[in-house]
Every structure is written in C-alpha cells, then in structure tokens.
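Everything on this sheet refers to the single structure shown next.
The values are calculated or read from the model by the stated rules, or taken from the named source; none is laboratory data. Since the model is a prediction, treat every value here as computed from it, not as a measurement. Neighbour counts are summed over all protein chains in view; Cβ atoms, including those assigned to glycine, are modelled from backbone coordinates with ideal geometry.
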Amino acid sequence: MKTQYYTATSLDGFIATEDDSIEWLSALGDPEGSSYPAFIAEVGALAMGSATYEWILGHAAEAEAMVGSAWPYTQPTWVFSNRELPLLEGVDIRIVRGDVRPVHAAMREAAGGQNIWVVGGGELVGQFLDVGLLDEIIVQVGSVTLGRGKPLLPRRVIDPPLQLVSARQMGAGFVELRYAVLGSGDPSPAV
C-alpha cells in the first residue's frame, strides 16, 4: 500500500493555470501508453482539495460521456475543504477539514490494502508530505510552459531529496517521472 501523488505538470512546474484550468492538457492530446489504467486499478481511496473537486463537478458532462457517470471514480473520496460543497447522490464522497493524519488513517482502512491517491492539488499533497504520509510522486511532464499558475508541489524538498525510480517517454508530448519520497512513513496511529 502506497500513498501516491499522480498528476500532470507543465514543463515549468504548474498543474493548473491561476484560475484552476487544466485545459492546457487537451492541447497535448492523449498521451500514448498512459499508465493511468494500471494506476487507477490499484487505487482504493482518493483525497483531493476543493478546487480539484469543483473542477470535476464542473466537467460532469464530459465524465458522463466518457465513463457513463458524472463522477469518474468508484473509490471512496475524501475532499478537504473549509467550506460547504455540493455532493453527488450515490457516490461515496466525504467532506473533511483539518489535519490529514486522521483522515489518512481512515483512508487506509477504506482502501483495503490498495493504494491511496492524493489527486491534488499541490498544497494538499504538501500537507501529506509534511507529515511523512506521501510515498511516491508520479508526474507526467507535458511539453508546454504556462509561465505561472498552481505549482506542482509548493514545498522545498531538499533533505532528504526525492529518488528518481523511473523515466519514460509517452508519445510526443509527455515524459512520466516516478519518484520515491525518501524518509516517508506513517506516523499516524492505526485505526
């Protein structure tokens, strides 16, 4: 079981524009040989921030066309937010706030031995990293620059550094990098 950050970023390190748009990804098309199907098959629980959640809700029609449901995930999802958010019926979505450690413990239990995906954004991922709960970063770097926007990970990660595990080209527009987060561990109590 791993807690993973799987995402895409521009070459200059932004996951979204300043207004939370990820439309830049569509300019690159679908990456050939994406690892997403194999990745999501091993995910048992998800965490995301409110901006990511609201972006998904705002694109429900596209999700419906692609997967037959307004919500593209079957796994239980924890959404970190300090405000009230709309919920979709028939989907296991839990709105939470505060320290990520007790939520992570609940996610581990719900995941049933499968991985946990911290979907985004970068600040939420940083909170998992800060308390030693992030094991792996899988980032697909697109061949575009945005100049500014929402950073991939708004933290300094210097000591210990990330360890590059693999790098592979995906089509003409992406490279996927996998990093192990050194020194990670689960300081949260078992639930």
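For P102, state whether it is modelled with pLDDT of 90 or more and farther than 20 Å from G126 by Cβ.
Judged against the criteria, P102 is not a match.
Could you say whether any residue in the range 57-71 is part of a helix (DSSP H, G or I) and modelled with pLDDT of 90 or more?
Yes, the conditions are met somewhere in the range 57-71.
For L57, state whether it is in contact with a Ser or Thr (Cβ under 7 Å, 6 or more places away or on another chain) and of a type outside the set (V, I, T).
So L57 does not fit the description; no.
Are there strands (runs of 3 or more DSSP E) fully within the range 90-187 with at least 3 residues that are touching a helix residue (DSSP H, G or I) at 6+ places or on another chain (Cβ under 6 Å) and either of a type in the set (S, T, N, Q) or within 14 Å of Y6 (Cα to Cα) (or both)? List them.
Filter on the range 90-187 gives 115-120.
Would you tally the residues in the range 101-126 being polar (S, T, N, Q) and either within 23 Å of S26 (Cβ to Cβ) or surrounded by fewer than 19 Cβ atoms within 10 Å (Cβ to Cβ) (or both)?
1
Of all residues in the range 9-56, which are surrounded by fewer than 20 Cβ atoms within 10 Å (Cβ to Cβ), in contact with a Leu (Cβ under 8 Å, 6 or more places away or on another chain), in contact (Cβ under 8 Å) with a residue 40 or more places away in the chain and not in a loop (DSSP other than H, G, I, E, B)?
The answer is W24, and nothing else.
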